[in-house]
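Have a look at the structure below, then the notes.
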Amino acid sequence: MQESKIYEYAVIRLVPKVEREEFFNIGLLMFSKREKYIRFEFHLCTEKFKSMNPEIDYHDISQNLENFKHVASGQKEGGPIALLDIPERFRWLTAVRSSVIQTSRPHPGKTQDLDKTFERLFQELVK
């Protein structure tokens, strides 16, 4: 019998006008300390993006999300934060911030299969 794996996840949100506090979900970040697992994916729907605030540059947001991915995956392109260990990167990425790209508070869970759970959560919360 497989042992359950403990994980945390946060939903990545686009907040086009921070002062209005309106957002839509654009990605998911999941991490498991024991399994040394971290995964980040995003889906930026152009129609939603344009309808929320056409003044924001799609390319800039997309590039910021790519940088977010570099940090999550520990790639040197992510700068010094990307060189931290997985739990520190997760905590840095999920820190409260007042910017156009924000995360939900981390949520805990248990699963037998981290990737399968990630895919399910991504479909439910992002797509």
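Give a quick list of trypsin sites (Lys or Arg not before Pro) in segment 3-111 that DSSP marks as loop, anything other than H, G, I, E or B, with at most 11 other Cβ atoms within 10 Å. List each step's numbers first, then the result.
Details: sites: LYS5, ARG13, LYS17, ARG20, LYS33, ARG34, LYS36, ARG39, LYS48, LYS50, LYS69, LYS76, ARG89, ARG91, ARG97, LYS110; in loops: LYS17, LYS33, ARG34, LYS36, ARG97.
Answer in residue order: ARG34, LYS36.
Say a site is exposed when it is one of the GluC sites (Glu not before Pro), sits in a DSSP loop, and has at most 10 other Cβ atoms within 10 Å; what is then the longest site-free stretch of the chain?
56-127
Legend: distances between Cα atoms for LYS5/LYS69; LYS50/LYS116; LYS17/LYS69; LYS48/LYS69; pairs beyond 27 Å are LYS50/LYS116.
For each of HIS43, HIS70, count neighbouring Cβ atoms within 10 Å of the residue's Cβ, then give the residues from fewest to most. Could you put the intermediate results ahead of the total?
Details: HIS43 13, HIS70 17.
Going from sparsest to densest Cβ surroundings: HIS43, HIS70.
Considering only Cα atoms, the convex hull volume of the chain works out to 98 Å³ per residue.
In segment 57-127, Rg over Rh equals 0.98, where Rg is the alpha-carbon radius of gyration and Rh the Kirkwood radius from pairwise Cα distances. Size estimate for segment 1-44 follows the Kirkwood approach: the inverse of mean 1/r over distinct Cα pairs works out to 12.2 Å. Stretching ARG20 away from LYS110 to a fully extended chain increases their span by 29.0 nm, per 0.36 nm per residue minus the current alpha-carbon distance.
Every number in this text was worked out from the coordinates using simple rules, so none of it is lab data. In this text the structure is predicted, and so the values were computed from the model without any measurement. Neighbour counts are summed over all protein chains in view; Cβ atoms, including those assigned to glycine, are modelled from backbone coordinates with ideal geometry.
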